[in-house]
Amino acid sequence: MNNTGGNKIRLGIFVSVGAILFIAAIYFVGQRQQLFSNTFNISGIFKDISGLQVGNNVRFSGINVGVIGNIQQITDSTVRVDMVINEHSRKFIKKDARAIIGTDGLMGNKILVISPGVSGKQVIANNDIIETTVPVSMDDILLKIKVTADNAALISGGLSDIVANIHDGKGTIGKLFMDESFANNLDKTIVNIKQGAGGFKRNMDAASHNFLLRGFLKKKDRKEKEKRENEDK
Amino acid sequence: MPIDLKISGAVLEKGSSPGVIPLLNAFKSFFAAVTQLSLFAWRFLKEVFKPRYEFSELVKQSYLIGYKSFPLVAITGFIMGLVLTIQSRPTLAEFGAESWLPAMVAISIIREIGPVITALIFAGKVGSGIGAELASMKVTEQIDAMEVSGMNPFKYIVITRVVAATFMLPVLVIIADAIAMYGSYIGVNLKGDVSFHLFFLQVIGKLSFTDIFPATIKTFFFGFAVGLIGCYKGYNSNNGTEGVGQSANSAVVIGSLAVFIIDMIAVQITSFFT
């Protein structure tokens, strides 16, 4: 093979494409990490950063506006987190904005979420320190779940005792469900009530035909009829 | 009094099993080969910066080694991205994490699979080619003829090929990675509907410099190893025409092994800094 001009051009294009792809990858990854845009720095002081790392995203109103630039332990209980934020977002972040550490999805990376401040407040300045909110850690959630589980265990224990009492026929509900004599008595009571109701009905029919009450009942029927007619109109 | 038995250069002490002899011989041959290869590499490093530079031959070899390997590498890269995406989808779908597919495939390809698979393909095509070409030149005494005519055959034959292999493999890997990502995009869209812009953002969103730079740097070493081993095997070929086949074969086998060993070392070094 001779080094013809065509081969040299092909080789040049081949190498150039590789170089352009590499530079483009560097550019886009760098752009995401705010390397090629105007930025400003703000910081937050946290007690616990929950595994936040340098390079994690900073999110504002659900938009990635920057990255974590540096993390520094200041004292035994405070950690300073420096954020590199895109200059375009500065006008939206107020002095009273708060930062909280969250997670990107259920299994995603840690992120730092900035909640917007009050709209009337002054815009944040370079190197300002913003307020932070203590994130709810997984340990706290697990502790609360444990308390809830303990309570559920107590409740289920009580329920178990109640069911056992019912099964043994103890107490009102136990007698209701398990005592046969109680059920028989109840049955007889219902029969008596039915019989009493039948007798009461006969007495009332007789009373309605009595001449002392007939006038009163007719007057009542007439009033009801008039009322219905008025409603129909 | 101990009796020493010398068989094929290996020393067998009294009471040793005869099965040890081939093992000892293999060890001896291995370390001798490592020494020879190291001396060959040292000679390369001494002569690579010394004039006279064979630029014309370097361009020719870059064309043959790099550009001519492009179609094979491109097809491999495309299939790699497509297959990895299709195979990964069911597992991610079980966790409801299908949206992670582009990022996962991108990180897998750019960090590891792209460089290693491309380097293996490169070792198969270029390593065997260099080994067979140089071995046949040795057999037909072309290398001796160069020496007699006052040329430096090592500079003209070895250095140009090793340098071309060192610089062409990274280019091939970068292009193969890009093609693999396109294959992955098609793989994602076989059972889904993701726009190219969203796919691109998902890929770039999860990549970092620690994914790109170490993966690219190690490909220079892969290329160097494949080129050097191919040249070493061809340049030191013997056994006549039979040796041509042996040189080509061992250039591929040792070159591929070297790729894995370098990869293992590169991963260990990278993990120190990340």
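The values are calculated or read from the model by the stated rules, or taken from the named source; none is laboratory data. No experiment lies behind these values; they were computed from the predicted model shown. Methodologically, a virtual Cβ is constructed for each residue, glycine included, from the backbone with ideal geometry; neighbour enumeration extends over all protein chains shown.
Within region A:42-65, is there a residue that is in contact with an Asp or Glu (Cβ under 6 Å, 6 or more places away or on another chain), surrounded by fewer than 20 Cβ atoms within 10 Å (Cβ to Cβ) and among the hydroxyl-bearing types (Ser, Thr, Tyr)? Within region A:42-65 (the criterion being in contact with an Asp or Glu (Cβ under 6 Å, 6 or more places away or on another chain), surrounded by fewer than 20 Cβ atoms within 10 Å (Cβ to Cβ) and among the hydroxyl-bearing types (Ser, Thr, Tyr)), the answer is yes, since at least one residue qualifies. With respect to B:SER149, is the statement that it is touching a helix residue (DSSP H, G or I) at 6+ places or on another chain (Cβ under 9 Å), among the small types (Gly, Ala, Ser) and either more than 21 Å from B:ALA41 (Cα to Cα) or more than 12 Å from chain A (Cβ to nearest Cβ) (or both) true? So B:SER149 does not fit the description; no. The single condition among (1) over 16 Å from B:GLY66 (Cα atoms); (2) more than 14 Å from chain A (Cβ to nearest Cβ); (3) in contact with a Lys or Arg (Cβ under 7 Å, 6 or more places away or on another chain) that B:GLY227 does not meet is (1).
Residues checked against (1) in the same structural domain as A:GLY51 (by TED's automatic domain parsing); (2) at pLDDT below 80:
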{"position": "A:ILE100", "(1), (2)": "yes, no"}
{"position": "A:GLY105", "(1), (2)": "yes, yes"}
{"position": "A:LEU112", "(1), (2)": "yes, no"}
{"position": "A:SER115", "(1), (2)": "yes, no"}
{"position": "A:VAL118", "(1), (2)": "yes, yes"}
{"position": "A:LYS121", "(1), (2)": "yes, yes"}
{"position": "A:ASN126", "(1), (2)": "yes, no"}
{"position": "A:GLU131", "(1), (2)": "yes, no"}
{"position": "A:ILE141", "(1), (2)": "no, no"}
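What number of residues within region B:226-274 satisfy the criterion of being more than 21 Å from B:GLU141 (Cα to Cα), in contact with a Ser or Thr (Cβ under 9 Å, 6 or more places away or on another chain) and crowded, with 21+ Cβ neighbours inside 10 Å? Number of matching residues: 4.
So for region A:83-96 (the condition being outside any strand (DSSP E or B), among the polar types (S, T, N, Q) and modelled with pLDDT of 85 or more), does at least one residue qualify? Yes, region A:83-96 has at least one match. Within region B:130-139, identify whether any single residue is over 21 Å from A:PHE22 (Cβ atoms) and within 16 Å of the chain's Cα centre (by Cα), and answer yes or no. Yes. Residues that are among the aromatic types (Phe, Trp, Tyr) and either surrounded by fewer than 19 Cβ atoms within 10 Å (Cβ to Cβ) or at pLDDT 90 or above (or both) number at least 1 in the following helices (runs of 4 or more DSSP H) confined to region B:43-140: B:55-65, B:70-94, B:114-122. Among the residues of region A:33-60, those identified as touching a strand residue (DSSP E or B) at 6+ places or on another chain (Cβ under 8 Å) and either hydrophobic (A, V, I, L, M, F, W, C) or facing chain B (nearest Cβ under 9 Å) (or both) are A:GLN33, A:PHE40, A:ILE42, A:ILE45, A:PHE46, A:ILE49, A:LEU52, A:VAL54, A:GLY55, A:ASN57, A:VAL58, A:PHE60.
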